[in-house]
1. Among the residues of the range A:195-203, is there at least one that is on the phi > 0 side of the Ramachandran plot, within 14 Å of RNA strand B (Cβ to nearest atom) and small (G, A, S)?
2. In the set A:A423, A:A402, A:A433, which member is surrounded by fewer than 19 Cβ atoms within 10 Å (Cβ to Cβ) and farther than 16 Å from A:R488 by Cβ?
3. Got at least one residue in the range A:119-136 being among the β-branched types (V, I, T), part of a helix (DSSP H, G or I) and either surrounded by fewer than 23 Cβ atoms within 10 Å (Cβ to Cβ) or touching a residue at least 24 places away in the same chain (Cβ under 8 Å) (or both)?
4. Restricting attention to the range A:107-118, which residues are surrounded by fewer than 21 Cβ atoms within 10 Å (Cβ to Cβ) and part of a loop (DSSP other than H, G, I, E, B)?
5. If the requirement is being within 20 Å of A:P224 (Cβ to Cβ), touching a Leu at 6+ places or on another chain (Cβ under 8 Å) and among the polar types (S, T, N, Q), which of these qualifies: A:T143, A:T157, A:T192?
6. If A:A431 satisfies every condition in (1) within 16 Å of RNA strand B (Cβ to nearest atom); (2) more than 21 Å from A:F356 (Cα to Cα) but one, which is the exception?
7. Only one residue in A:G481, A:G501, A:G490, A:G405 is on the phi > 0 side of the Ramachandran plot and modelled with pLDDT under 95, so which one is that?
8. From the list A:E104, A:E151, A:E168, which one is exposed (fewer than 14 other Cβ atoms within 10 Å of the Cβ) and not in a loop (DSSP other than H, G, I, E, B)?
Amino acid sequence: MIAEVDALGHDARTARLVALAPELLEVREAEPRDRYALPPLPDAENGVVMRFAPNPSGPLHLGHARAAALNDAYVRQYGGRYILRIEDTDPKRVDPEAYRSVPEDMAWLGTAITETVYQSDRLELYYDYARRLIERGGAYVCTCENERFRELRQAKTACPCRAGEVEEDLARFEKMLDGGYVEGEASLRVRTDLEAPDPALRDFPVFRILTSTLHPRIDASVYPLMNFSVAVDDHLLGCTHVIRGKDHIANTRRQQFIYDWFGWTPPHFRHYGRMGIEGVVLSTSEMRAGIAAGRYEGWDDIRLGTLRALARRGIEPEAVKRAMLAIGVGETDIQFSWENLFAENRAIVDPLADRFWFVPEQVAIEVSGALPREARPLRHPGLPSRGTRTLAFEGGVVVSAAELGGEVSMLRLKDLFNVDVSAVEDRFQFAYAGDDLADAREAHAPIIQWLPIGETVPCTLRRPEGDLDGVCEPVVREAVGRVVQFERVGFARIDSAGPGGVVAYLTHR
RNA sequence: GCUGCUAUAGUGUAGUCCGGCCAAUCAUGUCGGCCUUUCACGCCGACGACUGGGGUUCGAAUCCCCAUAGCAGCACCA
């Protein structure tokens, strides 16, 4: 009997059920899923407090954008506060420039930041909570050699410093603050669980002494490590949910010890998987090295994955956010594909971009048998109200060398007329061949962009794979800063226009 | 090595918690067609995946075990 039912297809089963017992049939709604929807957050009905907490070591890149966009989307969805927290407690990894560039990049991305916090402003606060932690027996000052401590930790053995009295540890911590120890001589450690299966959790450090590198904003020599400052700040700032990469999973477990010592309730954590990006380095230090070595022009070099590089290419911030939301918060490691970002961007930019003609590697050709006339191509074929531009043909045109050669015997100069193509020696000639578009279609003549001789400006189209030189319409000079579409070539952002001509960056096809 | 996490088409993603409506969703990509004075946009169609092996069950992408692969952490970085 069951086997018989199994053998039926879904439709047949439904039909039988309707015939036998229609009241049992429930139709499940098949709502088309929003591609950008994120899974619901627990305990979020009354709003959330979330944060984006970058280390100010350089401009933001696509990896940061994922964290920034995901947290942003949740704050928008549930309402609440969105804190930008600058985590500058390691002076070795602070680039003073980043205090300006990070907020700039966030502004470009368009996130709903409600407040900005600098951890370097909060050192006294961290010292204060360190004292409280020591008073609760949750931390001790350790003066063991690094190497020695590692061995002990591996053997699940307490180091000698661990047995100290609270008063003594309190005094030793003050000694740290007063400069009584040199760099590396002493650190504050949390009492965790020496039996913890993961050695990373055993009595990890939370404060260190650092005098060899000066902090660009403050005068300090004792710094909290991120697990301490992050836990204290997340608690004090009232963070309810934390979305971060899974490289922080071990940190979450470490921070749990701090929450436990203080008796605080931790926020809800969620860790997404690692994201690789085809063809680019996302490491700030590698990018910095490449710029220093002259391999890249700067932080906005289009071969880089920084937000400013994307902006320079003509990628819209909204496209970046959509691409990140489409990826979501999965724990699987992924390979980010430019194709997906480009598709999001194309959808945004296509209705906005005016169409212009760019003729790469132009050759000038005389056209015989044609009278002067004007072509008036539309600025946007889907939106005729945008108007036209005017190109005056007076007997000669430039076209792309790539269009010629081979079997081509007829071409349609777009919005002008047809020409027959002939070659004498290695020189091409065009001869007027009628206005009728149908003729060109019938002959399978390619419809190509062209420009009148003399009515062009030099144009360099910069692409990750190399520059493409040619000429474009003079009016393109008025589009600096905007994304246009060079017909049959691709979308491009007009970067500059000077006496030397136009420089454009290819956005994508 | 130790401690964890993950595994669905080329890429991203839904479904996995609560096994049957999954001959597996959507997007992107590729190919073909239509539209079009762009190789864009739009429309139509095709292609393409449950890591492998056992087990439980009438029935497994979904539950269990093993294997494999990838990733993360084991810093006085974030």
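The values are calculated or read from the model by the stated rules, or taken from the named source; none is laboratory data. Bear in mind the structure is a predicted one, so any value in this text is a computation, not a measurement. Counting neighbours? That spans all protein chains shown, and the Cβs are built from the backbone with ideal geometry, glycine included.
1. Residues of the range A:195-203 that are on the phi > 0 side of the Ramachandran plot, as a first pass: A:203.
From the residues that got through so far, the ones that are within 14 Å of RNA strand B (Cβ to nearest atom) too are A:203.
Right, trim to small (G, A, S) and you get none.
No: zero hits.
2. Numbers: A:A402 fails: farther than 16 Å from A:R488 by Cβ; A:A433 fails: surrounded by fewer than 19 Cβ atoms within 10 Å (Cβ to Cβ).
So the residue among A:A423, A:A402, A:A433 that is surrounded by fewer than 19 Cβ atoms within 10 Å (Cβ to Cβ) and farther than 16 Å from A:R488 by Cβ is A:A423.
3. Yes, the range A:119-136 contains a residue that is among the β-branched types (V, I, T), part of a helix (DSSP H, G or I) and either surrounded by fewer than 23 Cβ atoms within 10 Å (Cβ to Cβ) or touching a residue at least 24 places away in the same chain (Cβ under 8 Å) (or both).
4. Just the residues of the range A:107-118 that are surrounded by fewer than 21 Cβ atoms within 10 Å (Cβ to Cβ), to begin with: A:107-108, A:110, A:112-118.
Of everything in the range A:107-118, those that are surrounded by fewer than 21 Cβ atoms within 10 Å (Cβ to Cβ) and part of a loop (DSSP other than H, G, I, E, B) turn out to be A:G110, A:A112, A:I113, A:T114.
5. Numbers: A:T143 fails: touching a Leu at 6+ places or on another chain (Cβ under 8 Å); A:T157 fails: within 20 Å of A:P224 (Cβ to Cβ).
Unique residue meeting the criteria: A:T192.
6. (1)
7. Values: A:G481 fails: modelled with pLDDT under 95; A:G501 fails: modelled with pLDDT under 95; A:G490 fails: modelled with pLDDT under 95.
Unique residue meeting the criteria: A:G405.
8. On the way: A:E104 fails: exposed (fewer than 14 other Cβ atoms within 10 Å of the Cβ); A:E168 fails: exposed (fewer than 14 other Cβ atoms within 10 Å of the Cβ).
Going through A:E104, A:E151, A:E168 in turn, the sole match is A:E151.
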